[in-house]
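The values are calculated or read from the model by the stated rules, or taken from the named source; none is laboratory data. Nothing here was measured: the structure is a model prediction, and the numbers come from that model. A quick note on method: Cβ atoms are made from the backbone with ideal geometry, for glycine too, and the neighbour counts reach across all protein chains shown.
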Amino acid sequence: MSNKRTAKDFATSQEIRWCPGCGDYAILKSVTKTLADVGATPESTVFVSGIGCASRFPYYVETYGFHTIHGRAPAIATGLKLANPDLDVWVVTGDGDGLSIGANHLMHTLRRNVGLKILLFNNEIYGLTKGQYSPTSRVGTTSPSSPKGSFDTPVSPGQFALGSGAKFFARGIDTDKVGMRHVLQQAHAFQGTAFVEIFQNCIVYNEDVFASFTDRRDAANTQLHLRHGEPMLFGDNKGIRFNQDSWSLEVIDAQLSPDDVLVHDEGNAILARLLVDLHLPVAMGVIYRQPAQTYEDAYYAHHPSRMRRVKKTRDFIKGPSSWSIDEGKGKA
Amino acid sequence: MNKNKDVDSIVIRLAGDSGDGIQLMGSQFAVSTALSGADFATFPDYPAEIRAPVGTTFGVSAYQINLGGGPITTAGDAPDVLVAFNPAALKVSLPLLHRGALVIINNDGFTPRNLAKAGYDTDPRQSGALNDFQVVEADISHLNLEAVREFGLSKSEGSRCKNFYALGVLLWMFDRELAPVETWIKRRLADNATLRDANIKALHAGHAYGETAELAASLSQISLPSAALEPGEYRSITGAEALALGIAAAGELADRSVLFCSYPITPASPLLHRLSRLGELGVGTFQAEDEIAAICAAIGASYGGMIGITSSSGPGIALKTEAMGLAVSAELPLVIVNWQRGGPSTGLPTKTEQSDLYQAVYGRNADTPLPVLSASTSGECFEVAIEAVRIALRHMTPVILLVDGYLSNAAEPWRIPDLSGFERIETNPVPESDSSPQQRAFTRDPGSYGRPWVTPGMPGLMHRIGGLEKDIDTGHISYDPPNHEQMTVLRAAKVASVAEFVPEQKIELGPDEGELLIVSWGSTYGPVYQAAQRTGASFLHLRHLNPLPKNLASIISRFDKVLVPEMNAGQLVTLLRDKLCVEPISFSKVSGQPFLIRDLVEKIESISGEAS
């Protein structure tokens, strides 16, 4: 391709219908920019979504797109990927779509390691249905369906993914362009299910729910941007250490005890679980990556003819034995 | 076996070693025949030698039981069911069976040593020697010993109970009462309480195993008279096999690969099993995490350019309903196979019904029509599968194919078709135009209303589809009220247009006008055909249920009365009343059992009697 595509080439003519100021706009920009960065071809790129605000996404990307039904995008995308493994398939979902009604499909997609990039826009609320608490809402969330505050324990997308056998888990913040592009590029390059949790600000129903760590003014102290093989440093000489007594991560002064600072290892599943639960700072970037055979590769490898027709129906139609009935004779 | 007899008598042959206690049991059964009345009768079949070598073919002893209420047929009747306790018993008994008989194999007896003794070079369970039969494999010896362990019998005493274990399995499969057998055991073993209780336990344990394992039996006891078989090459085939081959053939005719996505459910699973062995025909199977994922993956496959097919039974179909609506909205091809069973809810998983007709024709939210067709015999599943795929691809719509548990298992002689006689399956071309890709993807054929099958990967045609209502021309999202009306009309017209492409309905038997017309559909074909033939009534059998054949109204108008026998509470009657404004007489049967010819004949004669 001589003329490199830009983010604009991936924008459709459709009027965008998200609320003004919605975090989805920033995510859309990061995605289209990433598609341009990685040299994606529009005809072999597909966005599949379920239902919810996030799921409007495919209408706004100039690629193939399928806006499906609530929670089922991973299942539809799995069938699509099996039918054509060469496609670059992205699934866009939300906390309600992916972790409530569609959690079963998400779990099985993750354990199978289907080659899909799954972007879960987490805003801890149901937006499209007007603000009910979601499976990721914190205890005490007041909403039209929980006027006195919610009392169910929320699910952690990261723990859900890792517990389901995810081979890639990363995090980004809607408005953090640099972090998002890094994470999206890494997700795109991963062979298998790349699951990305994006903290998305719903300005109408759950504004600033993530402000404690997304506020740019204090981001250096509240976000831990992970890089494989690099020490976990953030803010003003702060580092992360493993506390062997409490089996948890803790913040230390990196200048005082430089040797105690953990070095990020993307392939360490136990570390990944600890990082997911780290609350301040909040871990960002690629938290876990463990390459493994993709489902579609295994599927084609196990198929006797890689889904091609190498024999004719007539080779099978006679079965193990057949007999003839001649003219004028009935069956014995 | 008399292929035309009604299903009221079943001949079961238990065969094993004389050392297995078969001979003893056989003689005991024989002695008791007089006492047990007509409930069951037995036919001992001993080897000449009193102590023949174990495991050899000449050491096989067997006994046959006729479970049935009617007069006992002769011992010469071919068994409908064989229970083979070892390879030798299988070898000796196989030639006695007719094609399609049920063969229950005790896996525990199939040791390499026993196979060699019986003269088998290859294990008949794997060699294809049993392909003409319905085969159920179970570890009967082992399961039986576990069941009677509590009685502290010796191993040989315990093993002898396995005949009753096997009988328990059979009684479950054929819906027979345990009580007469239990009574017989009590009387026979009155002086040995431990053996008596152990045998009764084995009988019940076998029955419970049949239920837990959801074993189902369908014997093709009712089929066409031999004179009706046209000359040609035949094989024995079950509905699941025929449907699998039909799906593969449809892929070949359309020159597309097939992705079959399903979730295990009784009695639909045999199709998944069959298709998983047809990979070389460009068929792939995907066992999904649930029913919804199965249909969604099939939709994804269709979106990606393979023929997406899913299959289930009523409860699973209910779960798939929302996704069917998506395929209707997105105008994607899809075939949904429903192996109907008795309900509501879990109902009777192993018993046959035709009670999902409403669900298929009417059972979706909003105005969401789709074509519905059905298969009448195991063999016909082949061409109906091809027709379902043809309709799906031509009209770009999901299609429901109604079959049932009976067809899944029932084997019948099938004339092997010549595939060159089938037309290729064509798809609608992408129009060459300056319009937007979105518009080109939704430019519909004026006759079938099918759109081109534009799939991701095709350059220059990127577009978006989904479940939101779209503009009838541009294909973009549209909430415009008049447009929704137009789209609703278009979706109905598309399904109605199927009738323009299928052959007109034919009357299969009898005059084309007169007093009584029998109208049926699905797997009741065999008995209804027979009953119509015996009474001389006119008879037609529907394949297409939505839309109904164009000329059906005119055929029906030429008769005074219409009789609809069906295995539900009158669903086709409702459909005919709704679509054609006629008032048929309903003859419904919902016992989970196929129609008996004599019941149908009686009904037909009573109607004719009223008229004259």
Next on the checklist: If I filter region A:71-100 down to residues being within 16 Å of the chain's Cα centre (by Cα) and surrounded by fewer than 24 Cβ atoms within 10 Å (Cβ to Cβ), which single residue comes out as farthest from residue B:463 (Cα to Cα)?
Outcome noted: A:100
Checklist entry - Got a number for residues in region B:419-443 being in contact (Cβ under 8 Å) with a residue 60 or more places away in the chain and of a type in the set (Lys, Arg)? => result 1
Next on the checklist: Quick check on region B:414-428. Is at least one of its residues out of contact with any Phe, Trp or Tyr (no Cβ under 6 Å at 6 or more places or on another chain), crowded, with 24+ Cβ neighbours inside 10 Å and part of a strand (DSSP E or B)?
Outcome noted: yes
Next on the checklist: Given the options A:40, A:26, A:54, name the one that is surrounded by 23 or more Cβ atoms within 10 Å (Cβ to Cβ) and touching a residue at least 40 places away in the same chain (Cβ under 8 Å).
Outcome noted: A:54
Checklist outcome for this item: Note: among B:554, B:478, just one is within 14 Å of another protein chain (Cβ to nearest Cβ) and without any contact (Cβ under 8 Å) to a residue 12 or more places away in the chain, namely B:478
Checklist outcome for this item: Counting only strands (runs of 3 or more DSSP E) entirely within region B:538-594, those with at least 3 residues that are closer than 11 Å to residue B:517 by Cα are B:538-542, B:559-566
Item to check | helices (runs of 4 or more DSSP H) contained entirely in region B:240-339, each with at least 3 residues that are more than 9 Å from chain A (Cβ to nearest Cβ) and surrounded by fewer than 24 Cβ atoms within 10 Å (Cβ to Cβ) | outcome: B:269-275, B:314-330
Next on the checklist: Tally up the residues in region A:153-205 that are farther than 20 Å from residue A:88 by Cα, of a type in the set (Asp, Glu) and touching a strand residue (DSSP E or B) at 6+ places or on another chain (Cβ under 7 Å), please.
Outcome noted: 1
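Looking at region B:118-138, which of its residues are within 14 Å of chain A (Cβ to nearest Cβ) and in a loop (DSSP other than H, G, I, E, B)? It would help to see each step written out before you state the result.
Just the residues of region B:118-138 that are within 14 Å of chain A (Cβ to nearest Cβ), to begin with: B:122, B:124-135.
Across region B:118-138, the qualifying residues are B:122, B:128, B:129, B:130, B:131, B:132, B:133.
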Item to check | When residues of region A:27-84 are limited to those that are of a type in the set (Asp, Glu) and within 8 Å of chain B (Cβ to nearest Cβ), the one farthest from residue B:466 (Cα to Cα) | outcome: A:43
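Condition test on residue A:23, is it in contact with a Ser or Thr (Cβ under 8 Å, 6 or more places away or on another chain) and within 17 Å of residue A:173 (Cβ to Cβ)? Steps first, answer last, please.
Values: in contact with a Ser or Thr (Cβ under 8 Å, 6 or more places away or on another chain): yes; within 17 Å of residue A:173 (Cβ to Cβ): yes.
It is true that residue A:23 is in contact with a Ser or Thr (Cβ under 8 Å, 6 or more places away or on another chain) and within 17 Å of residue A:173 (Cβ to Cβ).
Please determine whether any residue of region B:397-413 is within 14 Å of chain A (Cβ to nearest Cβ) and surrounded by fewer than 18 Cβ atoms within 10 Å (Cβ to Cβ). Let's see the steps before the verdict.
Going through region B:397-413, the residues within 14 Å of chain A (Cβ to nearest Cβ) turn out to be B:398, B:411-413.
Remaining after also requiring surrounded by fewer than 18 Cβ atoms within 10 Å (Cβ to Cβ): none.
For region B:397-413, residues within 14 Å of chain A (Cβ to nearest Cβ) and surrounded by fewer than 18 Cβ atoms within 10 Å (Cβ to Cβ): absent.
Take region A:85-96 and flag every residue that is in a loop (DSSP other than H, G, I, E, B) and either among the hydrophobic types (A, V, I, L, M, F, W, C) or more than 8 Å from chain B (Cβ to nearest Cβ) (or both).
The initial filter retains those residues of region A:85-96 that are in a loop (DSSP other than H, G, I, E, B), namely A:85-87.
Residues satisfying the conditions are A:85, A:87.
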Next on the checklist: Looking at region B:190-207 only, could you name the residues that are part of a loop (DSSP other than H, G, I, E, B) and either out of contact with any Lys or Arg (no Cβ under 8 Å at 6 or more places or on another chain) or not small (Gly, Ala, Ser) (or both)?
Outcome noted: B:191, B:192
Next on the checklist: Only one of A:46, A:38 is touching a Ser or Thr at 6+ places or on another chain (Cβ under 8 Å) and modelled with pLDDT of 95 or more. Can you tell me which?
Outcome noted: A:46
